[in-house]
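Written out below as C-alpha cells is the structure these notes cover.
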Amino acid sequence: MLTLIVFLPLLGAALAGLFGRFLGDSASQAITCGLLIVSALLSWIVFFDVAVMGNLADPVDLATWMRVGSFDFEWMLRADQLTAVMLIVVTTVSAVVHVYSVGYMHHDPSKPRFFSYLSLFTFFMLMLVTSDNLIQLFFGWEGVGLCSYLLIGFWYDRPSANAAAIKAFIVNRVGDFGFALGIFATYVLFDSIRFDEIFSAVPDRADATLKFLSWEAPAITTICLLLFIGAMGKSAQILLHTWLPDAMEGPTPVSALIHAATMVTAGVFMVARLSPIFEYSEVALAVVTVVGAATAFITATIGLTQNDIKRVVAYSTCSQLGYMFFAAGVSAYSAGIFHLMTHGFFKALLFLGAGSVIHAMSDEQDMRNMGGLRKKIPVTYWFMWIGSLALMGIGIPGLPIGFAGFFSKDIILEAAYGAHSWVGMFAFWAGILAAFMTALYSARLMFLTFHGAPRCDEETFAHAHESPKVMLLPLVVLVLGSIFAGGLGYSYFVGGGMEAFWGESIVVLEGHNTIEAAHHVPFWVKALPLVVAALGIFVAWVMYIQWPALAAILARALRPLYLLSYNKWYFDEIYDALFLRPAFYLGRGLWKSGDGAVIDGVGPDGLADLTQRISRRASALQSGYVYHYAFAMLIGVVLFITAYLYVQVG
C-alpha cells in the first residue's frame, strides 16, 4: 500500500507528461486527479492503521540503490507515525489542488504539462517524507526544488515568472549546499546515512568533535547547524526567505501546493525527523528557536503593507513556518508538526480562495482595485473567512472550541513560554506580536477585498462571478479541515494521547518536555493570543472600514517604518548590493579581461589575428606586374648565390 501511495503520482506524471498529446487534456486531467485521489485515500488508511491504531509496519525495501565498496544502502520506504501524518497532509492537499486546477487552468493550452508537473512534485514530496536515510531524503529534497522551478516558471513566456523561478532555484541551492555538507559530516561521524543507525549511535557520540583544517568543532552542533541551513532555504526562513513571495508568479494552484503542505514544510519535517540528533545540541536548538521567532515576526511586519492578495498570504506562510520552527527549537516537535498539519488545510484554503477571487476579477491581484465582492462571490467570501479565522487562531481558551489554527498555534506559544529559557521567552513574545499582526493583515485582506465600495472599473465588477463547482467543491475538504482538524487532532498530537500516538518517531530528552509544561502555564498565557488577535481584527476594522483615511495618515506619520515594511526590510536591495552586483561585475571582468583579453586574445583569437596579418602581407606580394616578379626572382637568385659562396668560403 505504501508503494502505491508513493508511485501512483509518478505514474500519473509520466502518463500526462509523456503521452499528454495523445491522451488529450481531459484524459490527462482525469488520470492525474484520479491517481492522486486514490493515493490520498490510501494515505488515510495508513494514517489510521499506523498512527491511530499503532500498527507499525516494517520499511518497504524497494531495491539496492547504491553500492560503492563498503558503502551501500537500500531504497526503502519508511512508515512510522511522523510519515503517516505527512502522507495525509501532502496527498490530501495535493488531491484538492489537482481537482481545483481543472477549473482554474481551463483556458491554459498546456494542461497536460501542468498536471504532470503537479503530480511529479507530489511524488518527490512523498519520496522525501517516506525516506529511510539521508540520501533518499536529499533525493526528494532536490526533486521538489526542481519541480518548484518548473511550476513557478510554468508561464515561461513571462519574464517575471522566469526570474522568480531562477531566484527560487538559486536561493534554495544556497541552503542545499549547507544541507549536503551536513549529510557529509553525518556520514563522517557515524559512518552511516541510515536514520536508525544514526539515531542509536548519537548518545555515544554526543561529545565528539569534527576537525577541519586547524579548526575543531562540536560534531553534533556542527551537523545540526549545517542541516538547518538547508531547512532555512527550503522552508523560507529569514535570510533565505526572499524566494517564497516571488514564487507567486506561478499559477495559484502552484502557490497553494508549494506554500501549504509540501515544499516549504520539508524543512520542518526534516528537523522533526532528526529530533534524536537535534536534542543533543542546545546551541542548535537555540539557533532554530531564534531564527524561527525572527522569521515569524519580521515576515508578519512585511505582510501588513503588501497589496497583492497572494503576496499577503505568502508572507503569512513565512510567518507560520517561523512558528513551526521555534516550536521545534524548544523541543515541541509534535506541536510544530501539529501546526504543519492544520496550516496545510487553512493555508491551502486561503490560496485557492485567493485564486477564486483572481478568477472572478479577471486576473486582478491588487486588493486596492477590489472591494464589495462579498455579494458577487459569497461562497468564496465565507470560505476565506473560515481560512482567515483559522489562521488568526480564533477559539475559546481552556475549552475545545475553536478553529484549527487556535489549537496548534496556541500550544506552540504555550510551549515556548513553558520552556522557561531566554530563547523560549523571545519566541513567545515574538509569536504574540506576530499573532497580532497576523490578525491585522488577514482582516485587512478580507475588508479590502470583500467589503466597502468597489474600487475597480464597472465592467470588471459587473463581470465578477463565482467560480465553477469544480473549483469550489474541493475547497469543502479544506474548510472541514480548517474547522475540525485542530480539535480532533489535539489529544493525539499534543494532548494526553501524545506518547502513544508518536511512539518513537519523535524523540525528546528528559528535561526538554515543553509540551507537558505548556499544559500548566498561567491562564493569561493561554488567553493572550486570542486577545491580541481580537485587537488586530478591531484595528483593521477601524482602519479599513470605519475610517479608511486613517491608514494613509498612519503611513505618512510613520513613513520610515512603513517604507521598511513595504520594501520588505530591503532584503532584496541588500542582497543585490552585496552579492548580485559584485557577482555581475566580477563575471563581466573575468569575461572581458580574463576570457576575452587573455585566453582568447593569446589563444584562438590571437592566432587567428596573426594568421590574418601574415596572409595580408603575403597577398601584397601578388601585384600582377611581370617586372615585379622578375625582380623578385633576381633577388632570389642573388640570395642563393650569396648563400652558396658564403658556405663554400666558410
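Results, tabulated for the structure shown:
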{"read-out": "Residue in the range 550-574 that is farthest from Arg311 (Cα to Cα), counting only those that are of a type in the set (D, E, K, R) and open to solvent by less than 100 Å² (accessible area, probe 1.4 Å)", "value": "Glu573"}
{"read-out": "Which listed residue is open to solvent by 60 Å² or more (accessible area, probe 1.4 Å), over 30 Å from Asp308 (Cβ atoms) and touching a residue at least 12 places away in the same chain (Cβ under 8 Å), from Val188, Val174", "value": "Val188"}
{"read-out": "Residue pairs meeting the criteria (Cβ under 6 Å; at least 6 apart or on separate chains; first closer than 26 Å to Ala540 by Cβ and in contact (Cβ under 8 Å) with a residue 40 or more places away in the chain, in the range 452-473; second part of a loop (DSSP other than H, G, I, E, B) and among the basic types (Lys, Arg))", "value": "Ala464/Lys376"}
{"read-out": "Residues of the range 199-247 that turn out to be assigned to a helix (DSSP H, G or I), open to solvent by less than 10 Å² (accessible area, probe 1.4 Å) and either touching a strand residue (DSSP E or B) at 6+ places or on another chain (Cβ under 9 Å) or farther than 27 Å from Asn172 by Cα (or both), as a count", "value": "3"}
{"read-out": "Among residues of the range 123-159, those that are open to solvent by less than 10 Å² (accessible area, probe 1.4 Å), over 29 Å from Asp72 (Cβ atoms) and of a type in the set (Ser, Thr, Tyr), counted", "value": "1"}
{"read-out": "For Ala79: the one exception among (1) over 16 Å from Phe139 (Cβ atoms); (2) of a type outside the set (Ser, Thr, Tyr); (3) surrounded by fewer than 17 Cβ atoms within 10 Å (Cβ to Cβ)", "value": "(3)"}
{"read-out": "Any hit, the range 342-362, residues being under 30 Å from Gly511 (Cβ atoms) and either open to solvent by less than 30 Å² (accessible area, probe 1.4 Å) or touching a Leu at 6+ places or on another chain (Cβ under 6 Å) (or both)", "value": "yes"}
{"read-out": "Spans of helices (runs of 4 or more DSSP H) in the range 347-456 with at least 3 residues touching a strand residue (DSSP E or B) at 6+ places or on another chain (Cβ under 9 Å)", "value": "404-418"}
{"read-out": "Residue within the range 32-55 that is in contact (Cβ under 8 Å) with a residue 24 or more places away in the chain and touching a strand residue (DSSP E or B) at 6+ places or on another chain (Cβ under 8 Å) present", "value": "no"}
{"read-out": "Complete set of residues in the range 15-43 that are assigned to a helix (DSSP H, G or I) and either over 27 Å from the mean Cα position of the chain (by Cα) or surrounded by fewer than 16 Cβ atoms within 10 Å (Cβ to Cβ) (or both)", "value": "Leu18, Phe19, Gly20, Arg21, Phe22, Leu23, Asp25, Ser26, Ala27, Ala30, Gly34, Leu41"}
{"read-out": "Positions within the range 362-380 being touching a residue at least 60 places away in the same chain (Cβ under 8 Å) and over 27 Å from the mean Cα position of the chain (by Cα), in sequence order", "value": "Ser362, Arg368, Asn369, Met370, Gly371, Gly372, Leu373, Arg374, Lys376, Ile377, Pro378, Val379"}
{"read-out": "Any hit, the range 301-320, residues being of a type outside the set (Phe, Trp, Tyr), under 23 Å from Ala84 (Cβ atoms), touching a residue at least 24 places away in the same chain (Cβ under 8 Å) and assigned to a helix (DSSP H, G or I)", "value": "yes"}
{"read-out": "Count of residues meeting criterion [among the small types (Gly, Ala, Ser), open to solvent by 10 Å² or more (accessible area, probe 1.4 Å) and touching a residue at least 60 places away in the same chain (Cβ under 8 Å)] in the range 109-122", "value": "1"}
{"read-out": "Cβ pairs under 8 Å, 6+ apart, first in the range 575-589 and open to solvent by less than 100 Å² (accessible area, probe 1.4 Å), second not small (Gly, Ala, Ser)", "value": "Tyr575/Thr242"}
{"read-out": "Of all residues in the range 1-13 being surrounded by fewer than 16 Cβ atoms within 10 Å (Cβ to Cβ) and outside any loop (DSSP other than H, G, I, E, B), the one that is modelled with the highest pLDDT", "value": "Leu4"}
{"read-out": "Pairs with Cβ under 7 Å, 6+ apart, first in the range 131-145 and more than 14 Å from Ala180 (Cβ to Cβ), second among the charged types (D, E, K, R)", "value": "Ser131/Arg78; Asp132/Arg78; Asp132/Arg194; Asn133/Arg194"}
{"read-out": "Helices (runs of 4 or more DSSP H) fully within the range 498-574 counting 3 or more residues that are touching a residue at least 60 places away in the same chain (Cβ under 8 Å)", "value": "498-502, 514-518, 523-541, 559-566"}
{"read-out": "Scan of the range 364-385 for residues that are buried (at least 22 other Cβ atoms within 10 Å of the Cβ) and either among the aromatic types (Phe, Trp, Tyr) or closer than 24 Å to Tyr492 by Cα (or both), ordered by number", "value": "Phe383"}
{"read-out": "Check on Ala540, within 30 Å of Ala415 (Cα to Cα), within 30 Å of the chain's Cα centre (by Cα) and either surrounded by 14 or more Cβ atoms within 10 Å (Cβ to Cβ) or modelled with pLDDT of 90 or more (or both)", "value": "yes"}
{"read-out": "Among the residues listed as Ala608, Ala577, the single one being more than 23 Å from Ile432 (Cα to Cα) and within 35 Å of the chain's Cα centre (by Cα)", "value": "Ala577"}
{"read-out": "Out of Thr130, Thr122, Thr92, sole residue that is out of contact with any Ser or Thr (no Cβ under 6 Å at 6 or more places or on another chain) and modelled with pLDDT under 95", "value": "Thr92"}
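The values are calculated or read from the model by the stated rules, or taken from the named source; none is laboratory data. Since the model is a prediction, treat every value here as computed from it, not as a measurement. No Cβ is skipped: glycine too gets one built from the backbone with ideal geometry, and neighbour counts run over all protein chains shown. For accessibility, only protein heavy atoms count, side chains too; no ligands or nucleic acids. Shrake-Rupley method; radii C 1.70, N 1.55, O 1.52, S 1.80 Å.
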